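Student: Got a structure for you, questions after.
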Amino acid sequence: MTTRTRDRRQVLVVGGGIAGAATALFLSDEADLEVTVVEREPRHDAHSSGRSAEILRVAVDDPVTRALGRQTSSLLDEPAAIGLGDVELVDRCGLFVVSTGDEPAWAAELEREGIAERVDLSALRRAAPHFEPAGDRVHRLPDAGRIHTARLLPAMIRAATARGARFVRTAGTAGLDAAGGRVRGITLDGRPSHRADDVVVAAGAWSRGLAAALGLGLELRPTRRHMFWTADDPLRSATSPIVWDDAAGFYARPEGAGWGISMCDVVDAEPD
């Protein structure tokens, strides 16, 4: 990998999953930037980007994450506006969120804006007869759903490439090269540095290790959750919603003719 031109600012993005592809997509809109993404694996969806639950949920307590989720939802509704073409990126199957105790921090805002509505347990049982809730408060978010990552990630890579970004796969293990307190590029499998004016770390669970090599205590905790896929279920219908029971720490989403389910467990994990 070599530097192509020096009349534009060179940007290296470490990691080619959802975060790296999105970074390249939007940075490649800047005429004075030359963007290269390096991905260790031969596929961009080899790790978290290809193994997530893909649930588009804006009903989250943290206001910053909630705002980001809402903006993401709007962007995914109009993919052509950001250069992704005419492709459906979200299955708007709807989402029921079950809770108990105090009113969720997100409820008032999302109810006021018509994004969520309070419903009774009978509405949940009619829509999701397969699910026995642990909580007693139910909100329905009719426009929530499942993101089609298998469409979104290639669309972002195609659009960024069309704008001049470059993607290097099977690149090797990246490290940060720094001198005098400044990052000046990256190494790949310990080979000499590939110089850049700016380096964006979008390496997911590996980001903490990259920062540690510079003596930075980046507060990231790599964790893993477990998902299970059921056999075909006669209660699964074409209109089955996602159900997320915060009281139980459990969700079920449509998957084929059955379900993808998770207990929302959080297990510490070393990324390699």
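Student: Would you confirm whether any residue within the stretch 181-202 is without any contact (Cβ under 8 Å) to a residue 40 or more places away in the chain, among the charged types (D, E, K, R) and on the phi > 0 side of the Ramachandran plot?
Tutor: Yes: the stretch 181-202 contains one or more residues that are without any contact (Cβ under 8 Å) to a residue 40 or more places away in the chain, among the charged types (D, E, K, R) and on the phi > 0 side of the Ramachandran plot.
Student: Which of the residues spanning the stretch 52-61 are over 10 Å from the mean Cα position of the chain (by Cα) and either open to solvent by less than 60 Å² (accessible area, probe 1.4 Å) or free of Cβ contacts under 8 Å to residues at least 24 places away in the same chain (or both)?
Tutor: Selection gives R57, V58, A59, V60.
Student: Within the set of pairs 6+ apart or on separate chains, which have a first residue in the stretch 127-149 that is open to solvent by less than 20 Å² (accessible area, probe 1.4 Å), a second that is β-branched (V, I, T) and assigned to a loop (DSSP other than H, G, I, E, B), and C-beta atoms under 8 Å apart?
Tutor: Going by the 8 Å Cβ cut-off, the qualifying pairs are G135/T100; L141/V58; L141/I115; A144/V58.
Student: Listed residues T230, T239; which is more than 30 Å from E34 (Cβ to Cβ), polar (S, T, N, Q), open to solvent by 50 Å² or more (accessible area, probe 1.4 Å) and in contact with a strand residue (DSSP E or B) (Cβ under 6 Å, 6 or more places away or on another chain)?
Tutor: Result of the check over T230, T239: T230.
Student: Any residue that is acidic (D, E) and over 21 Å from the mean Cα position of the chain (by Cα) - is there at least one of those in the stretch 140-152?
Tutor: No: the stretch 140-152 contains no residue that is acidic (D, E) and over 21 Å from the mean Cα position of the chain (by Cα).
Student: State the number of residues belonging to the stretch 4-26 that are crowded, with 18+ Cβ neighbours inside 10 Å and touching a strand residue (DSSP E or B) at 6+ places or on another chain (Cβ under 6 Å).
Tutor: 9
Student: Determine if the stretch 4-21 includes at least one residue that is in a helix (DSSP H, G or I) and closer than 25 Å to G190 by Cβ.
Tutor: yes
Student: Additional query: Taking the stretch 206-227 only, how many residues are within 21 Å of C264 (Cβ to Cβ) and loosely packed, with under 12 Cβ neighbours inside 10 Å?
Tutor: Selection size over the stretch 206-227: 3.
Student: In this structure, is D29 touching a residue at least 40 places away in the same chain (Cβ under 8 Å), over 13 Å from D143 (Cβ atoms) and either touching a strand residue (DSSP E or B) at 6+ places or on another chain (Cβ under 7 Å) or open to solvent by 60 Å² or more (accessible area, probe 1.4 Å) (or both)?
Tutor: yes
Student: Those residues that are hydroxyl-bearing (S, T, Y) and either more than 16 Å from the chain's Cα centre (by Cα) or open to solvent by 30 Å² or more (accessible area, probe 1.4 Å) (or both), I need them from the stretch 32-51; list them, please.
Tutor: T36, S48 - these are the residues of the stretch 32-51 that are hydroxyl-bearing (S, T, Y) and either more than 16 Å from the chain's Cα centre (by Cα) or open to solvent by 30 Å² or more (accessible area, probe 1.4 Å) (or both).
Student: A follow-up question, please. Which of the numbered conditions does T170 fail, given that it passes all the others? Conditions: (1) closer than 25 Å to L121 by Cα; (2) assigned to a loop (DSSP other than H, G, I, E, B); (3) hydroxyl-bearing (S, T, Y).
Tutor: (1)
Student: Could you list, in sequence order, all residues of the stretch 185-198 that are under 26 Å from P222 (Cα atoms) and open to solvent by 40 Å² or more (accessible area, probe 1.4 Å)?
Tutor: Selection gives D189, G190, D198.
The values are calculated or read from the model by the stated rules, or taken from the named source; none is laboratory data. Values in this document were obtained by computation on a predicted structure and should not be read as measured data. When we count neighbours, we look across all protein chains shown, and the Cβ atoms used for this are built from the backbone with ideal geometry, even at glycine. For the accessible areas, the whole protein counts, side chains as well, though only heavy atoms, and no ligand, DNA or RNA atoms are used. Shrake-Rupley method; radii C 1.70, N 1.55, O 1.52, S 1.80 Å.
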